[in-house]
């Protein structure tokens with residue numbers, strides 16, 4: 001024990017400097033750990049959203065249930081979208097329209113042909129021919145973009161416009 005006391009008496013200054021340096025290092029480590037703890041506590045509080053007495057396991061289970069519910073809803077919506085897309089493929093989607101004078105002595109382009117097609121190019125062309133004495137309307141079926149009934153050039157133009165997606169009213 002005497003040797004230790006002699007050692008301390010001789011090296012007291014170095015011993016104190018060592019203790020002070022150790023204290024400063026420990027103080028710095030303490031401050032760093034406090035900051036890390038504060039960050040972790042803030043992240044924990046944001047995770048639990050301020051719930052008092054929240055158990056992390058219960059929170060994760062709740063989040064898991066919510067995600068499963070959202071996934072079910074997404075699957076249902078995808079099924080509904082697929083059904084709607086199937087139904088819409090048979091809806092009239094393409095329109096071709098042509099106005100013209102059916103007779104040379106008539107003005108104002110009062111006759112017209114309009115082609116209405118679905119996504120499979122099936123539908124009909126509706127033609128209305130306006131004359132001074134009478135007006136006549138009729139339609140012709142279209143299958144795969146073609147018809148087996150003879151058609152006028154205006155009806156062909158209306159069908160071509162519908163097939164190309166052109167909706168111009170007056171050809172000029």
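Entry remark, the range 127-137: residues being in contact with a strand residue (DSSP E or B) (Cβ under 6 Å, 6 or more places away or on another chain) and either surrounded by fewer than 13 Cβ atoms within 10 Å (Cβ to Cβ) or farther than 16 Å from residue 109 by Cα (or both) number 2 in total. Within the range 140-172, being part of a loop (DSSP other than H, G, I, E, B), at pLDDT 90 or above and loosely packed, with under 13 Cβ neighbours inside 10 Å holds for 144, 148, 149, 150.
Answer yes if at least one residue in the range 72-94 is touching a residue at least 60 places away in the same chain (Cβ under 8 Å) and either assigned by TED's automatic domain parsing to the domain that holds residue 123 or in contact with a helix residue (DSSP H, G or I) (Cβ under 6 Å, 6 or more places away or on another chain) (or both), and no otherwise. It would help to see each step written out before you state the result.
Kept after step one, since they are touching a residue at least 60 places away in the same chain (Cβ under 8 Å), are these residues of the range 72-94: 94.
Add one more test, that the residue is either assigned by TED's automatic domain parsing to the domain that holds residue 123 or in contact with a helix residue (DSSP H, G or I) (Cβ under 6 Å, 6 or more places away or on another chain) (or both), and what stays is 94.
Checked the range 72-94: at least one residue is touching a residue at least 60 places away in the same chain (Cβ under 8 Å) and either assigned by TED's automatic domain parsing to the domain that holds residue 123 or in contact with a helix residue (DSSP H, G or I) (Cβ under 6 Å, 6 or more places away or on another chain) (or both).
Does residue 98 satisfy the condition of being under 22 Å from residue 166 (Cβ atoms), in the same structural domain as residue 145 (by TED's automatic domain parsing), part of a strand (DSSP E or B) and touching a residue at least 60 places away in the same chain (Cβ under 8 Å)? Yes. With respect to the conditions (1) part of a helix (DSSP H, G or I); (2) under 30 Å from residue 165 (Cα atoms); (3) more than 32 Å from the chain's Cα centre (by Cα), residue 7 lacks only one, and its number is (2).
The values are calculated or read from the model by the stated rules, or taken from the named source; none is laboratory data. Quantities reported herein were computed from a predicted structural model and do not represent experimental measurements. Note that each Cβ is placed from the backbone with ideal geometry, even for glycine, and that neighbours are counted across all protein chains shown.
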